Amino acid sequence: MEECFNLLQKEEVDLVATAQFVGLSHIKDIYGSTRRFNVVTPALGSSTLHFAVSKKYDGANQIVGEFNKYYSWLKHEGIVNDIQDRHIDKIQSEEEE
């Protein structure tokens, strides 16, 4: 990932496609600040995360069912977005200190 952002800084590539939180975290780790970079909005795309439990585990279907139920509720209530925004805001606000 570091090489991707170095190429971007050298203007040898036009963009680096990554999840926003991951990209901002890497930029901050590499350069100490995200100020030299812009995030494209709207997002170029989105990806999904997956939760897996071994089929060999007793009760696997129940665990997955319960997870899906509560995750859907968290998304519906806006809690998932709040958590994501809080972490992105934290990365960006640390630079203002």
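The values are calculated or read from the model by the stated rules, or taken from the named source; none is laboratory data. Note that this is a predicted model, so its numbers are computed, not measured. So basically every Cβ, Gly included, is an ideal-geometry build from the backbone, and we count neighbours across all protein chains shown.
Going residue by residue through region 49-57, is there one that turns out to be in contact with a helix residue (DSSP H, G or I) (Cβ under 7 Å, 6 or more places away or on another chain), part of a loop (DSSP other than H, G, I, E, B) and among the β-branched types (Val, Ile, Thr)?
Checked against the condition, which is being in contact with a helix residue (DSSP H, G or I) (Cβ under 7 Å, 6 or more places away or on another chain), part of a loop (DSSP other than H, G, I, E, B) and among the β-branched types (Val, Ile, Thr), region 49-57 yields at least one hit.
In region 58-81, how many residues are over 30 Å from Thr18 (Cα atoms) and either loosely packed, with under 10 Cβ neighbours inside 10 Å or in the same structural domain as Gln20 (by TED's automatic domain parsing) (or both)?
The total comes to 1.
Exactly one condition in (1) surrounded by 14 or more Cβ atoms within 10 Å (Cβ to Cβ); (2) touching a Phe, Trp or Tyr at 6+ places or on another chain (Cβ under 8 Å) is false for Gln84; which is it?
(1)
Looking at Lys69, Lys75, which one is modelled with pLDDT of 90 or more, within 16 Å of the chain's Cα centre (by Cα) and assigned to a helix (DSSP H, G or I)?
Lys75
Quick check: is even one residue across region 15-24 of a type in the set (Phe, Trp, Tyr), in a helix (DSSP H, G or I) and either surrounded by 10 or more Cβ atoms within 10 Å (Cβ to Cβ) or on the phi < 0 side of the Ramachandran plot (or both)?
Yes, region 15-24 contains a residue that is of a type in the set (Phe, Trp, Tyr), in a helix (DSSP H, G or I) and either surrounded by 10 or more Cβ atoms within 10 Å (Cβ to Cβ) or on the phi < 0 side of the Ramachandran plot (or both).
Can we say Ala43 is exposed (fewer than 12 other Cβ atoms within 10 Å of the Cβ), modelled with pLDDT under 80, touching a helix residue (DSSP H, G or I) at 6+ places or on another chain (Cβ under 9 Å) and at negative phi?
The answer is yes for Ala43.
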